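Only one structure is covered here, and it is reproduced in the block below.
The values are calculated or read from the model by the stated rules, or taken from the named source; none is laboratory data. What you see is a predicted model, and the numbers here were worked out from it, not measured in a lab. Methodologically, a virtual Cβ is constructed for each residue, glycine included, from the backbone with ideal geometry; neighbour enumeration extends over all protein chains shown. In case anyone asks, the SASA skips ligands and DNA or RNA and just uses the protein heavy atoms, side chains included. Shrake-Rupley method; radii C 1.70, N 1.55, O 1.52, S 1.80 Å.
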Amino acid sequence: MTGAQPTGVLDVSPVIPVVVIDDADTAVPLARALAAGGVRIVEVTLRSDAALTAIERIADELPDVLVGAGTLTTPAQVKDAVGAGARFLVSPGSTPALLDAMADTGLPYLPGVSTASESLALLERGITEMKFFPAEAAGGQPFLKALAGPLPQARFCPTGGITPLSAPNYLALPTVGCVGGSWLSPADAMATGDWTCVTQLATQAASLGLT
């Protein structure tokens with residue numbers, strides 16, 4: 001299956017928060033705190049039993065926040081994420097069945113790649129926006145710099161091991177639209193409901209796009 005990929009996710013925010021939500025009751029306060037800091041996008045990973053409910057609540061209560069589902073590894077998960085109200089989809093890797101399932105939704109999606117061959121395979125399908133994962137372990141900034149030569153049309157959201165200190169260096173690369181980061185939702189802040197901390201981290205992350 002080939003065809004144009006719905007795009008635009010890479011241009012919403014310099015950082016896409018990648019979050020694990022164990023308690024669905026924290027989903028809306030978290031998303032609201034991120035939005036208060038200028039980050040109106042969040043990727044909820046399907047790594048907890050509360051994930052789909054969390055996506056549903058954010059989608060229902062905060063329509064101005066672009067909520068997506070991450071860590072999608074099967075077509076069944078894609079179907080569940082769409083049913084919950086996800087507005088974009090993210091996978092850690094790419095298989096033909098998974099790519100077909102994501103493409104069939106009509107939603108923007110970021111399939112994962114970590115090699116030149118995987119990137120080429122996606123470009124053959126008309127997919128130009130990708131998740132580079134696991135970014136640091138797979139070669140980091142030097143890899144993306146090298147790949148930009150032969151594949152300048154590919155754009156990436158590097159995710160995996162990125163910190164507030166390394167994020168600006170990634171964002172300076174011409175083929176990087178944004179980065180994915182888990183640091184905007186620290187476990188201690190999530191556990192105690194310290195949404196002020198989340199808003200402060202989001203404000204700092206949003207400012208990365210101004211440099």
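Where in the stretch 116-211 are there helices (runs of 4 or more DSSP H), lying fully within it, with 1 or more residues that are among the basic types (Lys, Arg) and either closer than 16 Å to Val90 by Cβ or more than 15 Å from the chain's Cα centre (by Cα) (or both)?
The qualifying helices (runs of 4 or more DSSP H) are 140-148.
Would you confirm whether or not the stretch 144-162 contains a residue that is within 26 Å of Ala24 (Cα to Cα) and open to solvent by 30 Å² or more (accessible area, probe 1.4 Å)?
yes
For the stretch 74-101, what are the residues that are of a type in the set (D, E, K, R) and within 20 Å of Gly180 (Cβ to Cβ)? Reasoning before the result, please.
Looking only at the stretch 74-101, we keep the residues that are of a type in the set (D, E, K, R), and these are 79-80, 87, 100.
Answer for the stretch 74-101, where residues must be of a type in the set (D, E, K, R) and within 20 Å of Gly180 (Cβ to Cβ): just Arg87.
Looking at (1) surrounded by fewer than 22 Cβ atoms within 10 Å (Cβ to Cβ); (2) at pLDDT 95 or above; (3) not acidic (Asp, Glu), find the lone condition where Phe133 falls short.
(1)
Inside the stretch 96-124, can you point out the residues that are small (Gly, Ala, Ser) and closer than 13 Å to Phe156 by Cα? Outline the logic, then answer.
The initial filter retains those residues of the stretch 96-124 that are small (Gly, Ala, Ser), namely 97, 101, 103, 106, 112, 114, 116-117, 119, 121.
Passing the criteria: Gly112, Ser114, Ala116, Ser119.
Does Gln200 meet the test of being surrounded by fewer than 18 Cβ atoms within 10 Å (Cβ to Cβ), in contact (Cβ under 8 Å) with a residue 60 or more places away in the chain and either over 20 Å from Gly8 (Cβ atoms) or aromatic (Phe, Trp, Tyr) (or both)? Before the answer, list the steps.
Details: surrounded by fewer than 18 Cβ atoms within 10 Å (Cβ to Cβ): yes; in contact (Cβ under 8 Å) with a residue 60 or more places away in the chain: yes; either over 20 Å from Gly8 (Cβ atoms) or aromatic (Phe, Trp, Tyr) (or both): yes.
It is true that Gln200 is surrounded by fewer than 18 Cβ atoms within 10 Å (Cβ to Cβ), in contact (Cβ under 8 Å) with a residue 60 or more places away in the chain and either over 20 Å from Gly8 (Cβ atoms) or aromatic (Phe, Trp, Tyr) (or both).
When residues of the stretch 67-85 are filtered for being under 18 Å from Pro111 (Cβ atoms) and either among the basic types (Lys, Arg) or touching a strand residue (DSSP E or B) at 6+ places or on another chain (Cβ under 7 Å) (or both), how many remain? Step through it out loud before you land on a result.
Here is the first cut: in the stretch 67-85, the residues under 18 Å from Pro111 (Cβ atoms) are 68-82.
Applying the additional criterion that residues be either among the basic types (Lys, Arg) or touching a strand residue (DSSP E or B) at 6+ places or on another chain (Cβ under 7 Å) (or both) yields 68-72, 78-79, 81.
The total comes to 8.
Please state which one of Leu10, Leu62, Leu98 is aliphatic (A, V, I, L, M) and under 16 Å from the mean Cα position of the chain (by Cα). Give the derivation first.
Numbers: Leu62 fails: under 16 Å from the mean Cα position of the chain (by Cα); Leu98 fails: under 16 Å from the mean Cα position of the chain (by Cα).
Just a single option satisfies the conditions, and that option is Leu10.
Report whether or not Leu208 is under 18 Å from Pro158 (Cβ atoms), touching a Lys or Arg at 6+ places or on another chain (Cβ under 7 Å) and not small (Gly, Ala, Ser). First the steps, then the outcome.
On the way: under 18 Å from Pro158 (Cβ atoms): yes; touching a Lys or Arg at 6+ places or on another chain (Cβ under 7 Å): no; not small (Gly, Ala, Ser): yes.
Judged against the criteria, Leu208 is not a match.
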